[in-house]
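Asks: Dropping the structure in here first, questions after.
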Amino acid sequence: MADLPTLRVGFLGAGHIATYHSKSIRRASATLGFTVERAGVFDTDSARCEEFARASGHSPMSSVDEVLASCDAVYIGKLTADERSQLFASLIGHPVLSISEGGDQCTVGSLFCLRVSDEQVSFEVNLDSVARSGVRIHPSVLQLSRRRAPAP
């Protein structure tokens with residue numbers, strides 16, 4: 001059997017939602033068609049970062065740049081506006097897939113934005129950010145982001 005490609009996933013922010021997504025990735029990794037490697041995690045709360053790392057298998061890191069250097073995809077948790085600006089400045093020239101939740105992150109730098117509601121989870125793609133990132137997105141994924149759930 002051929003070796004599966006590896007996707008290195010990092011986390012910026014180690015709160016409750018990041019824990020949920022890390023567990024989801026772990027559960028789904030066997031069916032994804034590639035191997036998921038738990039890369040770095042950074043949180044301004046070092047105790048929370050260490051706890052997340054112990055529970056998830058990610059490596060605790062001391063900076064955003066260190067996490068970005070360790071991964072192919074990064075989940076972006078809750079950040080201040082200044083932290084978010086610094087993050088997206090750091091991503092320039094690095095082909096790292098960035099995933100955020102809620103708010104207006106899709107208009108200010110993330111490639112993918114998760115939209116979570118009681119009924120469903122969907123996502124949006126920031127085509128401008130994708131074009132500047134150097135990350136290649138399969139056209140089927142772009143089409144999937146345009147689908148909407150049927151109205152009740």
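Asks: Label Arg146 and Leu127 with points 7 Å out from Cα along Cα→Cβ: what is the distance between them in nm?
Replies: With each label placed 7 Å out from Cα toward Cβ, I get 0.8 nm.
Asks: Further, regarding this structure: Take the Cα pairs of the chain, get the Kirkwood Rh, then feed it into Stokes-Einstein at 37 °C and 0.692 mPa s and tell me D in µm²/s.
Replies: The Stokes-Einstein estimate is 204 µm²/s.
Asks: If each DSSP helix of 4+ residues adds -39,500 (n - 2.57) and the sum is divided by the residues in the chain, what number results at 222 nm, nearest 500 deg cm²/dmol? Show your work: numbers first, answer last.
Replies: Working: 6 runs with 57 residues, N = 152.
Value at 222 nm, helices only: -11000 deg cm²/dmol.
Asks: Computed FRET efficiency, Cβ-Cβ of Lys78 and Leu4, R0 35 Å: what is it to the nearest 0.05?
Replies: 0.65
Asks: With N residues in segment 11-92, what two-decimal value do you get for its Cα radius of gyration over 2.2 N^0.38 Å?
Replies: On the way: Rg = 12.4 Å, N = 82, 2.2 N^0.38 = 11.7 Å.
Against the empirical 2.2 N^0.38 Å value, I get 1.05 for segment 11-92.
Asks: Sticking with this structure for a sec: Within the set of other residues whose C-beta is less than 14 Å from the C-beta of Phe52, count the net charge using Lys and Arg as +1 and Asp and Glu as -1. Please list the in-between numbers first.
Replies: Values: positive: Lys23, Arg26, Arg38, Arg48, Arg54, Lys78; negative: Asp43, Asp45, Glu50, Glu51.
Local net charge: +2.
None of the figures in this text is laboratory data; all of them are computed from the coordinates on show. Predicted, not measured: the structure shown is a model, and the values here were computed from it. Note: ideal-geometry Cβ built from the backbone for every residue, glycine included; neighbour counts use all protein chains shown.
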